[in-house]
Amino acid sequence: MIPIEFAVIGGSYAGMSAALQLARARRPVLVVDAGQRRNRFVDEAGATAHGFLGQDGRAPAAIAAEARRQLLAYPNVRWIDGLAEDAHHRPDGRFGFRVGGTEVSAARLVLATGVRDDMPPVPGLAERWGRSVFHCPYCHGYELEEGAIGVIATSPMAVHQAAMLPDWGPTTLFLNEAFTPSPDELALLARRGTQIERTPVARIDGVADVVLADGRRCAMAGLFAQARVHMASPVAEQLGCAFEQGPMGPFIQVDRMGQTSVPHVFACGDAARAAGNVALAVGDGAMTGAAAHRSVMF
């Protein structure tokens, strides 16, 4: 049994940021990490992270590794690589969970468990996720060098992307029979200069070529798609945390300080917001870690 005051489940950007605040408050902290960063596909593609002040253009793995090194320099921080399972309320008012064969008991929990992206079933799309298929124009749009951009529709949310992306390059919305835009949506896309292609998509080839069902090939510099998101861990549900429904999937309901519906359980990062990136995850973590610390005093 490991008794600890604060346990952070999830050791990516939000979790490490939260743990850092607790470490600097001189509190004992345990970080449990399953090693499945959401943006690991960017590293596999040899690409870099963008939009994070002071870290623009660095590999996501390098940012995470340096953050871990700095965090573990604090002697009151312990790190366990593994999957947190079987989270529950203990009779003594604390929280319990298991990592491998080890039981953990914590007075406060910070959930930074992240989400899993489920890509639409377009042949060739999932294989290019993080390489030439993206979800965030602020993270990846600039590097497309104002080349042709395609939006593969999977839901009405595609209109949001298709209306934004012309600032980064000439944009085509491939409806792919996912939905029918309303007259107001069509007017918005027309004002933004977005082209609309109604022929279904057969597959994605090359770097980001959209091959249509009639055989036409549309060469794109990059593609954007609306992946469905799911909780990467069942811990929040096991503890009874309330959820909200976002446009692409559920996320943990929290207040402005990261407190969930379960007292003394906090959440931050992508698991606790409708959409996010590295910079937002770090900010969420810093605020939530400080709020978790204050909860033992007030």
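The values are calculated or read from the model by the stated rules, or taken from the named source; none is laboratory data. This structure is a prediction, so every number in the text was calculated from the model and none was measured. With ideal geometry, Cβ positions are generated from the backbone for all residues, glycine too; neighbour counts draw on all protein chains shown.
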TODO: Give the stretch 223-271 a look and list any residue that's small (Gly, Ala, Ser), part of a strand (DSSP E or B) and closer than 24 Å to residue 5 by Cβ, or say none.
DONE: 267
Task: Subset of the stretch 265-298 (residues that are surrounded by fewer than 18 Cβ atoms within 10 Å (Cβ to Cβ), more than 19 Å from residue 23 (Cβ to Cβ) and at pLDDT 95 or above) - done: none
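Determine if the stretch 107-120 includes at least one residue that is farther than 30 Å from residue 266 by Cα, within 22 Å of the chain's Cα centre (by Cα) and not hydrophobic (A, V, I, L, M, F, W, C).
Yes; the residues of the stretch 107-120 include at least one that is farther than 30 Å from residue 266 by Cα, within 22 Å of the chain's Cα centre (by Cα) and not hydrophobic (A, V, I, L, M, F, W, C).
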Task: Residue match in the stretch 106-118 (condition: touching a residue at least 40 places away in the same chain (Cβ under 8 Å), hydroxyl-bearing (Ser, Thr, Tyr) and closer than 21 Å to residue 14 by Cα) - done: yes
Task: Options 226, 245: the member that is of a type outside the set (D, E, K, R) and more than 27 Å from residue 50 (Cβ to Cβ) - done: 245
Open item on the list: Step by step: first the residues of the stretch 147-172, then only those that are among the hydroxyl-bearing types (Ser, Thr, Tyr) and surrounded by fewer than 23 Cβ atoms within 10 Å (Cβ to Cβ), then the one that is farthest from residue 188 (Cα to Cα). Which residue is that?
Closed with: 154
- [ ] Select from the stretch 187-237 the residues that are free of Cβ contacts under 8 Å to residues at least 12 places away in the same chain and of a type in the set (Asp, Glu) and write down the one among them that is farthest from residue 37 (Cα to Cα).
- [x] 209
Open item on the list: Name the residue that is modelled with the lowest pLDDT, counting only residues in the stretch 227-261 that are closer than 27 Å to residue 137 by Cβ and buried (at least 22 other Cβ atoms within 10 Å of the Cβ).
Closed with: 229
- [ ] Please enumerate the residues belonging to the stretch 142-159 that are more than 18 Å from residue 125 (Cβ to Cβ) and either among the hydrophobic types (A, V, I, L, M, F, W, C) or touching a helix residue (DSSP H, G or I) at 6+ places or on another chain (Cβ under 9 Å) (or both).
- [x] 156, 159
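Take the residues in the stretch 119-140 that are small (Gly, Ala, Ser) and in contact (Cβ under 8 Å) with a residue 40 or more places away in the chain, then tell me which one is farthest from residue 177 (Cα to Cα).
We begin by selecting, within the stretch 119-140, every residue small (Gly, Ala, Ser); these are 124, 126, 130, 132.
If we keep only those that are in contact (Cβ under 8 Å) with a residue 40 or more places away in the chain as well, we get 124, 130, 132.
Values: 124: 18, 130: 24, 132: 22 Å.
Filtering the stretch 119-140 for residues that are small (Gly, Ala, Ser) and in contact (Cβ under 8 Å) with a residue 40 or more places away in the chain, the one farthest from residue 177 (Cα to Cα) comes out as 130.
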Open item on the list: within 30 Å of residue 222 (Cβ to Cβ), under 22 Å from the mean Cα position of the chain (by Cα), outside the structural domain of residue 217 (by TED's automatic domain parsing) and surrounded by 15 or more Cβ atoms within 10 Å (Cβ to Cβ): is that true of residue 48 in this structure?
Closed with: yes
Task: strands (runs of 3 or more DSSP E) contained entirely in the stretch 63-116, each with at least 3 residues that are over 20 Å from residue 282 (Cα atoms) and not basic (Lys, Arg) - done: 84-89, 95-99, 102-111
Task: Residues of the stretch 5-45 classified as more than 25 Å from residue 139 (Cα to Cα) and either modelled with pLDDT under 90 or surrounded by fewer than 19 Cβ atoms within 10 Å (Cβ to Cβ) (or both), total - done: 5
- [ ] Would you mind stating whether residue 217 is closer than 17 Å to residue 160 by Cα and not small (Gly, Ala, Ser)?
- [x] no
TODO: Would you check if residue 222 is at pLDDT 95 or above, surrounded by 17 or more Cβ atoms within 10 Å (Cβ to Cβ), under 21 Å from residue 129 (Cβ atoms) and among the small types (Gly, Ala, Ser)?
DONE: yes
- [ ] Determine the pairs where a residue that is touching a residue at least 12 places away in the same chain (Cβ under 8 Å), located within the stretch 274-298, has a partner that is part of a loop (DSSP other than H, G, I, E, B) and surrounded by 24 or more Cβ atoms within 10 Å (Cβ to Cβ) with Cβ atoms under 6 Å apart, the partner being 6 or more residues away or on another chain.
- [x] 278/49; 284/268; 285/268; 288/258; 288/268; 291/258
Open item on the list: Given (1) outside the structural domain of residue 31 (by TED's automatic domain parsing); (2) assigned to a loop (DSSP other than H, G, I, E, B), identify the lone condition not met by residue 188.
Closed with: (2)
